Amino acid sequence: MDDHAPDRLRDSVSTVQDLVADVLADQEAIEDRLDACDAYVVIVADPSTGALDSYGPFDGPAAMLDADRRRRDLDAGDLGDVNVAVVRHHLPDPPAGRHAVVS
């Protein structure tokens, strides 16, 4: 049995909490580092089933927080092989006249 596992878990939780605190404390700086787009979407892909889900749209910091929460939930469910990514979302240019955007 690994006697250091509780220490590593405590360090990992502390690191995630520090990251979330940094994101919340400095949202403007993080938004400046993100690419210009209309919004962000969190993509969750399961390579074993081929399932692909998207969540959003979010602003940059909210997308990062949502992706982090989903990653932690998947890891807690022993689904570490499932991929979580934040991707840019661009709305289509509206055609002339009336239109509708479906997401």
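May I ask you to order 42-51, 59-68 by the average number of other C-beta atoms within 10 Å around their residues, highest value first? Don't skip to the end; give the middle numbers.
Numbers: 42-51: 13.2, 59-68: 18.5.
By packing density, highest mean first, the sequence is 59-68, 42-51.
Applying 0.36 nm per residue to the separation of Leu91 and Leu79 and subtracting their alpha-carbon distance, the gain on full extension is 1.2 nm.
Every read-out reported here was derived from the displayed coordinates using simple, explicitly stated rules and does not represent laboratory data. Keep in mind it's a predicted model, so treat the numbers as computed, not measured. Here the Cβ is made from the backbone with ideal geometry for all residues, glycine too, and neighbour counts use every protein chain on show.
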